[in-house]
There are 2 protein chains.
Amino acid sequence: MSPAPPIDPPARLLMGPGPITADPRVLRAMSAQLVGQYDPWMTATMTETMGLYREVFRTTNEQTFLVDGTSRAGIEAALVSLLEPGQVVLVPVFGRFGHLLVEIATRCGAQVHTVEVPWGEVVPAEMVEEAILRVRPSLVACVQGDTSTTMCQPLAEIGEVCRRHDVMLYVDATASLGGNAFETDAWGVDVVTAGLQKCLGGPSGSAPITISPAAAARIDARKVVEAGIREAADDDAEAGNDHAVIRSNYLDLAQVMDYWGPRRLNHHTEATTMLYGARECARLLVAEGLDAAVERHRLHGAAMLAGVRGLGLTVFGDVAHKMHNVVAVEIPDGIDGDAARSALLTEFGIEIGTSFGPLHGRVWRIGTMGYNARTDAVLTTLACLEQVLRAGGAEVVAGGGVAAAREVYAA
Amino acid sequence: MSPAPPIDPPARLLMGPGPITADPRVLRAMSAQLVGQYDPWMTATMTETMGLYREVFRTTNEQTFLVDGTSRAGIEAALVSLLEPGQVVLVPVFGRFGHLLVEIATRCGAQVHTVEVPWGEVVPAEMVEEAILRVRPSLVACVQGDTSTTMCQPLAEIGEVCRRHDVMLYVDATASLGGNAFETDAWGVDVVTAGLQKCLGGPSGSAPITISPAAAARIDARKVVEAGIREAADDDAEAGNDHAVIRSNYLDLAQVMDYWGPRRLNHHTEATTMLYGARECARLLVAEGLDAAVERHRLHGAAMLAGVRGLGLTVFGDVAHKMHNVVAVEIPDGIDGDAARSALLTEFGIEIGTSFGPLHGRVWRIGTMGYNARTDAVLTTLACLEQVLRAGGAEVVAGGGVAAAREVYAA
């Protein structure tokens, strides 16, 4: 085997459903040198990052930090820490990532019930309320933005329903946070998790999370400090704890809260480079302003939507409930979807997304998020997509995509 | 709140038990731009990284890849994927990280048995064999290098014992891999996990793993493809599967193998920046040569050992079984261990480690690993430690540390 050369990725404009091109400032932050795990500067930076994510999540929750893994690790940490085996959870399913919540909650040993709508729609709050009354869950677990269908689930009403029936609400906001309004406290959401690789403009590998005081208490009631580092006081604190021990150590949020909190109890070794990246994602978002960032995603999403329609393409799903940051377009008759995506990638260096399950082979998913929620990215993608469609033999309105997007920008 | 500035960590020389200063080449690799999850270049880079880690682990195991989390995520992925609830596991415990294996295996629902030796010793293979005959485990789970005591557990004999009694062997090589000999195939180890933040010279956040064909078959027998992406053929493949479903989705190695393997079945979104870092760590190690890297760690570890003795300090534990990359030194009478560490950090920018459990307040742990297994790092640390000891009122041999280390280098 000849020696491998240093890493040298090809230039790509990532316009799929995520991961997308990282903001270069995030990558620069991630090249900063490490400090020790308990260096005063390190712990201060962790605390500062907690504050930045409180702003991102629009919350006053003390327990706001990072789970060291991809967004899926954040989801599992939330569910395995909240749900004891046998507890009832209700999952509104409107796409692939609802099924993922079902999958993970099932592996936690929970009793899982679902309400389901066809792909391309969102779940009415009344449907959730009816199911709450029927199955009496201790948790509702819901995705905000499901990239598999591009739908953005309205949550204010579901939050209100959950409050009224005294049910906790967990939301996976991985694909939507930063690009669509999210109000943790105002909507009464107990636990929210996310990732960096969508609207936050960073790489996958760190999962921001926020936990309400009530949810933190529910999780803390299950706390067992691990053998290697427990102290006598822990025996007293845990005496009478008749809750099921959290099935994971790595994703045990009771322990992770002790690591990020004032006790600084050793758990994993914080993934410092991912922390630097997550901090920079939040810092840039807070500097821009959350409302401004959402408006930016709305604008470029609207331009892309108009653009693909201007090319003569048909958009999938209930556009009134579409996330700002991704659009699903039907693959025109006569076009081989994968061949066209491949041509766009290899000839133009632009990536758009394929799709899952019932939409596989039927739609492409085109993103406009994070660093790539930009005019030049939108216009370039539309210009190049037009060329690929034409080469594939599709009927396409010459210049129609770019013109329609320009009109949105001019308005 | 005034706007947070860009990240700007203080300059540190990290000479503790890890994490240590990252190799700047690894940080540079991690600043490379992202590509899409299924970009042909990305999947080729994942495959290439598997090959590099086969060399690092000294194995031909096809199933050699990265778990997206810190080293602790790798440990839990191995144990939760191998151990069904009720299965018997034997853990030789000789320090804190043995207790961690017990903790994690217990949360997996396994029946956990231990053999234990005092801190500062390693576990004789006969003790393991005797326990195997007594408790009949399906798995022995053992740490190679436990930084809490600095001991490096000999594994060749334990591997032989496990083979003879048809028991699988899992090893946590987080703290030792790359700085001490490790022979996955020659020693008959079934599953090994590691991290980047010790001898590999990278940041925490990615856990390399290798899995023997037999262990992969044991894990695959438990496979359930998740609902959102399963196909009809998966129903057939899983028919008659009477094994317990793996309790975690995120750390389900059966699914992660399908993600890294030819099927490329969607699971998490690979943490691309951590992949770049992990690849660079392995690339540098392979370019240096594994034997040369181990010898480098041996040399600088010997120099540090001689150096602290040359300062008049006493070394803790069975030095014949010490890891190359860390030494535990007793805190001299009259010195406040934490105050001295703090002075070394704030005045000289050098970090050495505190310790856990029975050694807390008794010893410091000083590392020489990865990028910091270098002559200048060793000599600088000894020179500055001398100043701190003197300022604290300890009796210290003037110049004795540096002189003793120089002798090792001159030999």
### Test result for A:S204, touching an Asp or Glu at 6+ places or on another chain (Cβ under 8 Å), facing another protein chain (nearest Cβ under 8 Å) and hydroxyl-bearing (S, T, Y)
yes
### Query
Residues A:V388, A:V396: which one is open to solvent by less than 60 Å² (accessible area, probe 1.4 Å), part of a loop (DSSP other than H, G, I, E, B) and over 30 Å from A:E288 (Cα atoms)?
A:V396
### Query
In region B:130-160, what residues are of a type in the set (S, T, Y) and within 24 Å of B:V363 (Cα to Cα)?
B:T147, B:S148, B:T149, B:T150
### Query
What do you reckon, is B:V308 in a helix (DSSP H, G or I), in contact with a helix residue (DSSP H, G or I) (Cβ under 7 Å, 6 or more places away or on another chain), aliphatic (A, V, I, L, M) and within 13 Å of chain A (Cβ to nearest Cβ)?
no
### Task
Could you pull out the residue among A:D235, A:D242 that is open to solvent by 10 Å² or more (accessible area, probe 1.4 Å), assigned to a loop (DSSP other than H, G, I, E, B) and away from chain B (no Cβ under 14 Å)?
A:D242
### Task
Answer yes or no as to whether A:T43 is in contact (Cβ under 8 Å) with a residue 12 or more places away in the chain, open to solvent by 10 Å² or more (accessible area, probe 1.4 Å) and in contact with an Asp or Glu (Cβ under 7 Å, 6 or more places away or on another chain).
no
## Note on the structure
Output for Cβ contacts, cut-off 7 Å, separation at least six or different chains, first residue on the phi > 0 side of the Ramachandran plot and within 10 Å of chain B (Cβ to nearest Cβ) in region A:346-361, second charged (D, E, K, R) and surrounded by 23 or more Cβ atoms within 10 Å (Cβ to Cβ), reads A:G357/A:R96
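Residue by residue, here is whether (1) over 28 Å from A:T150 (Cβ atoms); (2) under 18 Å from the mean Cα position of the chain (by Cα); (3) not in a helix (DSSP H, G or I) holds:
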| residue | (1), (2), (3) |
| --- | --- |
| A:P262 | yes, no, yes |
| A:L265 | yes, no, yes |
| A:T269 | yes, no, yes |
| A:T273 | yes, no, no |
| A:G277 | no, yes, no |
| A:L285 | no, yes, no |
| A:L299 | no, no, no |
| A:A303 | no, no, no |
### Message
I'd like the residue in region A:88-100 that is more than 10 Å from chain B (Cβ to nearest Cβ) and touching a helix residue (DSSP H, G or I) at 6+ places or on another chain (Cβ under 9 Å) and, out of all such residues, is surrounded by the fewest Cβ atoms within 10 Å (Cβ to Cβ).
### Response
A:V88
### Message
Condition (residue is modelled with pLDDT of 95 or more and under 15 Å from the mean Cα position of the chain (by Cα)) applied to region A:121-142: is it met by at least one residue?
### Response
yes
### Task
Considering only region B:14-43, state which residues are more than 7 Å from chain A (Cβ to nearest Cβ), closer than 24 Å to A:T49 by Cβ and out of contact with any Lys or Arg (no Cβ under 6 Å at 6 or more places or on another chain).
B:I20, B:P24, B:V26
### Query
So which residues in region B:286-310 are open to solvent by 10 Å² or more (accessible area, probe 1.4 Å) and within 15 Å of B:L177 (Cα to Cα), if there are any at all?
B:V286, B:E288, B:G289, B:L290, B:D291, B:A292, B:V294, B:E295, B:R296, B:R298
### Flag if A:P6 is assigned to a loop (DSSP other than H, G, I, E, B) and either at the interface with another protein chain (Cβ under 7 Å from one of its Cβ atoms) or surrounded by 21 or more Cβ atoms within 10 Å (Cβ to Cβ) (or both)
yes
### Message
If I go through region A:362-385 residue by residue, how many of them are surrounded by fewer than 22 Cβ atoms within 10 Å (Cβ to Cβ), among the hydrophobic types (A, V, I, L, M, F, W, C) and either touching a residue at least 24 places away in the same chain (Cβ under 8 Å) or closer than 11 Å to A:V327 by Cβ (or both)?
### Response
2
#### Entry: Selected residue (only one of A:V319, A:V315 is at pLDDT 95 or above and open to solvent by less than 30 Å² (accessible area, probe 1.4 Å))
A:V315
### Task
Sort out which residues of region A:245-266 are closer than 17 Å to B:A110 by Cβ and surrounded by fewer than 22 Cβ atoms within 10 Å (Cβ to Cβ), and write them in order of number.
A:V245
#### Entry: Answer from B:T64, B:T60 - the residue that is among the β-branched types (V, I, T), open to solvent by 10 Å² or more (accessible area, probe 1.4 Å) and modelled with pLDDT of 95 or more
B:T60
### Task
Identify, by number, the condition in (1) within 14 Å of chain A (Cβ to nearest Cβ); (2) touching a Phe, Trp or Tyr at 6+ places or on another chain (Cβ under 6 Å) that B:G195 doesn't meet.
(2)
### Task
Please indicate, with yes or no, whether at least one residue in region A:322-334 is in a helix (DSSP H, G or I), crowded, with 17+ Cβ neighbours inside 10 Å and either of a type in the set (F, W, Y) or in the same structural domain as A:H297 (by TED's automatic domain parsing) (or both).
no
### Query
Of all residues in region A:106-139 being within 17 Å of B:R230 (Cβ to Cβ) and assigned to a helix (DSSP H, G or I), which is nearest to the other protein chains (Cβ to nearest Cβ)?
A:R107
### Query
Can you pull out the helices (runs of 4 or more DSSP H) entirely within region B:13-102 that have at least 1 residues that are over 30 Å from B:E129 (Cα atoms) and aromatic (F, W, Y)?
B:40-57
### Message
Every residue in region A:272-285 that is closer than 19 Å to A:M369 by Cβ, buried (at least 24 other Cβ atoms within 10 Å of the Cβ) and facing chain B (nearest Cβ under 9 Å), please.
### Response
A:G277, A:E280, A:A282
### Message
I need a count of the residues in region B:116-154 that are in contact with a Phe, Trp or Tyr (Cβ under 9 Å, 6 or more places away or on another chain) and of a type outside the set (D, E, K, R).
### Response
19
### Query
Could you say whether any residue in region B:23-35 is touching a strand residue (DSSP E or B) at 6+ places or on another chain (Cβ under 7 Å), open to solvent by 10 Å² or more (accessible area, probe 1.4 Å) and over 30 Å from A:E347 (Cβ atoms)?
no
## Note on the structure
Scanning region B:154-197 residue by residue, those open to solvent by 10 Å² or more (accessible area, probe 1.4 Å) and either part of a helix (DSSP H, G or I) or without any contact (Cβ under 8 Å) to a residue 12 or more places away in the chain (or both) turn out to be B:A156, B:E157, B:E160, B:R163, B:R164, B:D166, B:D185, B:A186, B:W187
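The values are calculated or read from the model by the stated rules, or taken from the named source; none is laboratory data. Here the structure is a predicted model, which is why all the values come from computation and not from measurement. Note: ideal-geometry Cβ built from the backbone for every residue, glycine included; neighbour counts use all protein chains shown. The protein model used for the area step is the full one, side chains on, heavy atoms only, and it has no ligands, DNA or RNA in it. Shrake-Rupley method; radii C 1.70, N 1.55, O 1.52, S 1.80 Å.
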